[in-house]
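Everything on this sheet refers to the single structure shown next.
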Amino acid sequence: MTKAIRVYEVGGPDVMQLEELEPGQPGEGEVTIRNHAIGLNYIDVYFRTGSYPPPSLPFTPGLEGAAVVTAVGPGVSDFKLGDRVAYAAVPMGAYCQERVMPAHRLLNVPDGIDDNTAAAMMLKGMTAEYLLRRTYPVKRGDTILFHAAAGGVGLIACQWAHHLGVTVIGTVGSETKAELAARHGCDFPILYKDEDFVERVRQITDGKGVDVVYDSVGKHTFLKSIDCLRPLGMMVSFGQSSGVVPPLDIGLLSAKGSLFLTRPTLMTYTQKREDLVASARELFDVVLAGAVSIEVEQTYPLERVADAHRDLESRRTVGSTVLLP
């Protein structure tokens, strides 16, 4: 038997219950893994609250973890017992001690990256990779606006963009977070509670606007973010921590300068095995080279997952958070 978090109805943090489960045996193309660390992400909140429809009820949340292979099913040749692995995105179910996983969704963890770091970096780091390298491929000389710059994705993206020669503007909620973001490549942290970020962006860019906005906040920042873009700029809306973005008259995009708008997900960008491997390889490379450091600022035992969710939702966390099973 193993322990796992189960959710029988969507709602607040207390709907998550720790139970004993039988993980089962790996089938064709599957392996059994034992989690050593589990990544906490805001998308977990979306599924727990029902903002994103869960795959079924009951379900086990979680989309990111680092583990060791404990059993190998038929037809698996890429992994063996004892291999250190990590994973992100589908299938859901990371909030557990042991689970069966399709082998094609796993990645070998290179030496030099510990379990907590691996668990904290996969979903957030590969999100940063597709945002910066594929959705809008940033280049030296570009200027970007990244909301929630002191969050898990934000700290990775700020460092990565800075490494690529990009000027990084970021929004944060406190002086402490501003200092943290600045230490991780954010050239211009903006305290959004104290100043109008649209006005500040215009000042920083001499009225030109930024090339791209990366926005995981949603409802509270979406329309103002559009006002930060230069003509032909791109609005990348990849989350909704403040709520769902209201319906949009697409005529606004032409009125604001023939803008581009996209709503991407990591699941789409890593659906193919070759894309998953390529994304992880780029992430591992920048981390091992020291260009990007992964900041695990909080850890919680799995049984305190409700506290972890409360802290995440109330913005008391910074950087990455890891659950320990």
- [ ] Convert each backbone phi in region 208-222 into a coupling constant with the Karplus relation 6.51 cos²θ - 1.76 cosθ + 1.60 (shift: θ = phi - 60°), then list the ³J(HN,Hα) values in order as whole Hz, x for Gly and Pro.
- [x] 7, x, 8, 6, 8, 10, 10, 10, 9, 8, x, 3, 7, 10, 4
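For the chain, what is the charge dipole size about the Cα centre, in debye to the nearest 20, if Lys and Arg each add +1 at the Cβ and Asp and Glu each add -1 at the Cβ?
Working: 31 positive and 39 negative charges, 137 e Å.
With Lys and Arg at +1 and Asp and Glu at -1, about 660 debye.
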- [ ] Give the long-range amide H neighbours of Tyr87: residues separated by 5 or more places, or on another chain, with amide H under 5 Å away, using H modelled in the peptide plane at 1.01 Å from N.
- [x] Gly65
Open item on the list: Once you place label points 7 Å from the Cα toward the Cβ at Leu18 and Thr268, how far apart are they in nm?
Closed with: 3.8 nm
TODO: Calculate the length of the line joining the C-alpha centroid of region 1-53 to that of region 254-315, in whole Å.
DONE: 18 Å
Open item on the list: Please compute the modelled spin-label separation between Leu324 and Ser51, points set 7 Å along Cα→Cβ, answer in nm with one decimal.
Closed with: 2.8 nm
Open item on the list: Quick one: the Cα spread of region 140-263 along its three principal axes, in angstroms, biggest first?
Closed with: 39, 31, 24
Open item on the list: Out of all DSSP beta bridges in the chain, what portion is antiparallel? Express it as a percent rounded to 5.
Closed with: 55 percent
- [ ] Report relative contact order for the chain in percent, whole number only (criteria: Cα-Cα under 8 Å, sequence separation at least 6).
- [x] 17 percent
- [ ] Provide the packing ranking of 89-99, 153-163, 192-202, i.e. peptides ordered by the mean count of other C-beta atoms within 10 Å per residue, highest first.
- [x] 153-163, 89-99, 192-202
- [ ] Would you please put 145-152, 230-237, 107-114, 18-25 in order of how densely packed they are, using the mean number of other Cβ atoms within 10 angstrom per residue and starting with the highest?
- [x] 145-152, 230-237, 107-114, 18-25
Task: Ranked list, fewest to most other Cβ atoms within 10 Å of each Cβ, for Thr221, Thr262, Thr49 - done: Thr262, Thr49, Thr221
Task: Packing-based exposure ordering (other Cβ within 10 Å, fewest first) of Lys224, Lys272, Lys124 - done: Lys272, Lys224, Lys124
Task: the chain: C-alpha gyration tensor shape, a/c 1.5 cut-off, then a/b vs b/c - done: prolate
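Which whole-number percent is the relative contact order of region 140-263 (Cα, under 8 Å, 6+ apart)?
21 percent
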Task: With Cα atoms, 0 to 90° folded angle of helix 152-163 axis to the chain main axis - done: 60 degrees
Open item on the list: Taking the beta-carbon count within 10 Å as an exposure proxy, list Asp78, Asp115 from fewest neighbours to most.
Closed with: Asp78, Asp115
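Give the peptides 246-254, 125-133 in descending order of average Cβ contacts within 10 Å, highest first.
The peptides rank, most packed first, as 125-133, 246-254.
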Task: For region 46-62, Karplus couplings with θ = phi - 60° (6.51, -1.76, 1.60), whole Hz, Gly/Pro x - done: 4, 6, 5, 7, x, 4, 10, x, x, x, 5, 10, x, 9, 9, x, x
- [ ] Please report, to one decimal in angstroms, the Kirkwood hydrodynamic radius of region 80-188 built from all distinct Cα-Cα pairs.
- [x] 15.4 Å
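Computed from the coordinates by the stated procedures, all read-outs in this text should not be read as laboratory data. Remember, predicted model here, so these are calculated numbers, not experimental data. Virtual Cβ from ideal backbone geometry, glycine too; neighbours counted across all protein chains shown.
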